[in-house]
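Visitor: So that we are looking at the same thing, I have put the structure below in structure tokens.
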Amino acid sequence: MWVNVLKDYIAPALSAASTAGALFMWLMRRSFAGREQVERLNARLLTVETQLGNAPSAQTVHALKVEITELRGDLKETRASLQAVTHQLELLVEKALYRSDG
């Protein structure tokens, strides 16, 4: 008796299970990323990691800011010295011109 019931219903049961499995796989395919998408994301991640790896550290940036600040101070000193020398040179040129005219 059980054998007859099993013979009668095994094929439709396996067919329904197969259909349910296929439907489940189709739904999961829409939920998860495909191989191409994962490969593209991996390539982008590698690019970002490379760029971040080549970026200066916070300590390096701080050291550069300190050096730039020091250079600004040095430039201000140089400008003041250059203005003094320029003024003296203008006076010498003026004196030389008056001497040659007079």
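Visitor: Where only protein heavy atoms count, and the probe is 1.4 Å, what is the accessible area per residue for the chain in Å²?
Guide: 98
Visitor: Considering the values (1) 15.1; (2) 23.2; (3) 13.2, which represents Kirkwood radius over Cα pairs in Å as calculated for the structure under consideration?
Guide: (2)
Visitor: I would also like to ask the following. Cut-off under 23 Å on the C-alpha distance; same-chain residues fewer than 8 positions from residue 65 excluded. Which lysines are left, in chain and number order?
Guide: 76
Visitor: Heavy atoms only, probe 1.4 Å: what % of the accessible area of the stretch 28-102 goes to carbon and sulfur, would you let me know?
Guide: 58
The values are calculated or read from the model by the stated rules, or taken from the named source; none is laboratory data. Computed from a predicted model, the values in this text were never measured in an experiment. Heavy atoms of the whole protein, side chains included, go into the accessibility calculation; ligands, DNA and RNA do not. Shrake-Rupley method; radii C 1.70, N 1.55, O 1.52, S 1.80 Å.
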